[in-house]
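What follows is a single structure, written as C-alpha cells, with notes after it.
Only the coordinates and a few stated rules stand behind these numbers; no lab work does. This is a predicted model, so every value here is computed, not measured. Methodologically, a virtual Cβ is constructed for each residue, glycine included, from the backbone with ideal geometry; neighbour enumeration extends over all protein chains shown.
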Amino acid sequence: MSQFRDTFTKDEQRENLLDYDDNAFMFFLCSVTVCILIPWTFFFLRKCLAVSNAYRRKYPEKSSSGSKFRYCQCSACVAQRAELHKELSLLRSRFLTKGRLIEVTALLLCWLGFILICRNLQDVHSIKTFDPFEILDVSPSATQREIKKAYRLMSLKYHPDKNVNDPTQGARFIMIAKAYQALTDEVAKKNYEKYGNPDGPGGMKIGVGLPRFLVEEGNQLFVLCFFFLFLLVVLPMIFLCYYQRQKKYAPNGVMVESVQFLTHVMTEGTRLKNLPELLAASGESRAMKIEREDDNDMKQICDSVVETKKRVFTMPVIVRDSLPITQCMMEVSVLSDWYLTADSVLEFRRCLVQAISGRSQSLLQIPHFDEDVIRHCHRGKNVIRELGDFLRQESDERRGTIDMTPEQLADIQAFSSHVPNIDIQAEIVVDDEADIVVGDIATCRIILTRKNLKEGEAAGAVHAPFFSEPKYEEWWIFLKEKGDGPAGGRLINFVKSRNLERVVRENLQFRVGRPGKNTMTVVALCDSYAGVDASIDVDFRAYTPEEKPREVFVHPEDVKLDEEPTLFQQMLGDVCINSSDEEEEIDMDEAPKVVRKKPTPDADGQASSKEPASEKPGQGSEQAAPTADLQQSQEVRMNTPKFQPHGHYIVPALLQDPTPSISKWLCSIYEVI
C-alpha cells in the first residue's frame with residue numbers, strides 16, 4: 001500500500017528545480033531601477049539646467065542645411081528675445097511649474113526606493129564556491145606535506161567526538177575531509193578541477209527573480225485580485241481616457257468639433273470680416289476657462305457696454321490655438337478651390353501675428369509708426385499705401401521718418417532689412433520633352449529668392465513684437481489661370497512652403513488641357529507680413545497631338561518580357577498544345593463529313609497523310625473541291641501556332657472545331673479573361 005501511495009506522491013517530495021527567490025528579485029529590481037533612474041535623471045537635469053537649449057529651440061542659430069538664421073535687430077525684437085531668455089533662466093520657470101513638481105516628486109521617490117533596495121542587498125549573502133585551499137587554510141602553492149599537516153591539525157580541532165555539544169562542527173569536519181580528498185586523491189582532484197566538486201557533477205538549482213510571497217497560499221487571493229484590477233481595470237481605463245482625449249483632436253492639432261464647424265460654415269463668400277466670429281465660435285475658444293480673477297474685469301466691461309438691438313463683434317478672440325485654427329481655415333479654403341477665401345484667411349492670420357486690423361494698416365507693422373504718421377504718408381506726392389512701397393524707397397527718401405530720432409531710424413532700418421524682399425521666377429516645362437502637348441503633365445518650376453538675405457543666411461523669426469511666441473515665415477504659392485477680376489481664373493494647384501533658405505524652389509504639376517497659347521499666374525502669399533506678396537505671369541504654348549506626335553519608345557528588353565508567358569499562360573499553353581496534337585479535326589461542310597488525322601512530317605520534312613475514303617462510290621468529283629479545301633485548311637492550321645503568349649490563335653482554332661473538348665474549353669475561358 002505504501003508503495004502504491006509513493007507512486008503518486010514522490011513528485012511532491014521532490015525539490016523544485018525552479019523556485020521563486022527573494023534575493024534574486026532584489027537584484028533584478030535594483031538593476032531595472034538603475035536602468036530607469038540614470039537616463040531619467042540625466043535628461044531631467046539637462047532640461048532644467050541647460051537654459052540655452054530651451055532658448056535655442058525657439059531661436060536656433062542654424063537651419064537644417066547649415067545656413068545661419070538672421071533675426072530682426074530692432075529694439076522691440078531684441079527686448080523680446082532678452083525677456084524670453086531671462087524667463088527661461090529663472091528657477092521659478094524651470095522648477096515651480098505643475099509638471100516639473102510632479103516629475104521632481106516622482107524622481108525623488110524612485111531614488112529613495114533605490115536606496116532602500118541597496119540597503120537590503122547588504123544583508124544578502126552570496127553563494128560561496130567550494131574552495132579546498134580556503135577550507136584547509138593553505139595557499140594554492142602549498143605542498144602535499146603542508147596540506148597533510150593542515151588537515152591533521154584541523155581534523156583534531158573540529159572532530160565531532162571533541163565537539164559533542166556543537167552539531168555545526170560535524171558539518172565543518174565533513175568539509176575538511178572533502179577538501180583534503182580533493183587535494184590528495186587523484187580521482188577527487190580531477191573531479192574538482194573539472195566540475196568544481198570532488199564528488200563529481202552535481203545538480204544545479206535555478207531561481208526565478210520574483211518575490212516568494214506571490215506563490216504563498218495565504219496571498220493567492222490578494223495577488224489574483226491585484227492582477228485582475230491592474231490588467232482588466234486599470235490598463236483599460238488608462239487607454240480609454242487617452243483615447244477619449246485624443247479622439248477630440250484631428251491630425252492637424254485642431255479639435256474635431258472645430259474642423260466640422262469650419263467645414264460646415266465656411267463658404268466661397270467668407271471674407272475677413274467673418275473670420276473673427278468663426279475663431280470665437282471654435283471649440284478651443286468655447287473651452288477656454290475663465291478664472292475668478294477675471295470676474296472683476298469682466299463685470300466692469302459688462303457695466304460699460306451699451307446694449308443695442310444688434311450686437312457687433314469687432315474684437316477677435318485671440319487664443320493660444322489661433323494659428324492651428326486659421327491653418328484649418330486655410331486647408332478648408334484651398335481644398336475647395338476658393339482662392340479669395342484663402343486670401344482672406346491669410347490676411348486674418350497676418351492680423352493675428354502683427355496686431356493690425358486689416359490690409360489697409362500694413363504700415364503699422366513698421367516700428368514707431370502710428371495713425372498720424374500713416375496719414376502723413378497717404379498725403380502729398382510719393383504716396384505710400386502698402387509696406388512694399390515703403391521698402392522700395394531709399395532710406396533717406398522714406399516718408400514719415402523726418403521727425404524720428406536716430407534710435408528710431410535704426411529700428412526702422414533693421415526692420416526694413418529683415419522683412420523679406422521676394423523676387424519670384426517661374427517657368428512651365430514638361431520633363432524630358434522639348435514641347436508641351438495637350439494631355440501632358442506639365443511642371444511649373446518656381447524660384448523664390450529673398451534679396452534681403454546674403455549667401456549662407458536663412459530667414460529668422462518674423463518681426464512680431466506683439467505676438468506671444470516666435471513665428472517663422474510660411475509662404476502659400478498658388479498656380480491659377482489668368483483672368484479678369486480679383487479672383488482671376490481657375491485655381492490649378494498650390495503648395496505651402498516652410499523653407500527659410502535664401503533661395504526656395506518649389507514645383508507645381510498640372511495636366512495641360514487646352515491647346516494654343518496659355519497664361520498662368522503664380523501668386524506667392526506670406527502669412528506673417530502684410531504687403532510683401534509677389535506674383536508673376538507665365539506664358540506657354542501647348543500643341544495638339546497631331547501637330548507634335550510623340551513616338552513611344554519601347555526598350556527591346558521590355559518587348560522580350562512581354563513575349564514571355566506567365567505561369568498561368570504556360571499551364572494553359574501546354575494543355576492546348578497537347579490536346580490539339582491528340583484530337584481529330586472535323587471539317588463541317590455541306591459535303592459528307594470527312595475525318596482526317598493531322599499530317600505528320602516525314603523524314604524529308606514533308607507532310608504526308610492518307611487520302612480519305614469516300615462514303616459512296618461515284619462521288620469523287622463532288623468531293624474533290626471539299627478535299628482540296630480541307631487540305632488547304634490543314635496546311636494553314638499546320639503553319640499556325642496553336643498558342644502564343646497572348647493567346648490570339650486559341651479562339652479561332654476552337655471555333656473551327658465543332659466538338660470542343662475540355663482543354664479547348666479552358667483555352668476559350670483564358671482568352672475571354
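Within the shell defined by Cβ-Cβ distances under 10 Å, the residues around E433 carry a net charge of -2, with Lys and Arg each +1 and Asp and Glu each -1.
The listed peptides 143-149, 490-496, ordered by packing as a protection proxy, come out as 490-496, 143-149 (highest mean of other Cβ atoms within 10 Å first). The mean sequence distance of close C-alpha pairs (under 8 Å, at least 6 residues apart), as a share of the length of the range 20-121, puts its relative contact order at 45 percent.
Remark: the range 553-568, residue by residue, has Karplus-estimated 3J(HN,Hα) of 8, 10, 5, x, 5, 5, 5, 5, 5, 5, 6, 6, x, 6, 5, 5 Hz, where x stands for each Gly or Pro and the curve is 6.51 cos²θ - 1.76 cosθ + 1.60 at θ = phi - 60°.
Note on the range 132-195: with charges restricted to the Cβ of Lys and Arg (+1) and Asp and Glu (-1), its dipole about the Cα centre is near 140 debye.
Sorting 255-264, 110-119 by their mean Cβ neighbour count within 10 Å, with the most densely packed peptide first, gives 255-264, 110-119.
Once C-alpha pairs closer than 8 Å and six or more residues apart are averaged by separation and normalised to the residue number of the range 132-195, the relative contact order reads 35 percent.
The packing ranking, built from the mean of other Cβ atoms within 10 Å per residue, places the peptides 551-560, 417-426, 265-274 in the order 417-426, 265-274, 551-560, highest first. With only Cα atoms counted, the range 132-195 has Rg and Dmax values of 12.2, 37 Å.
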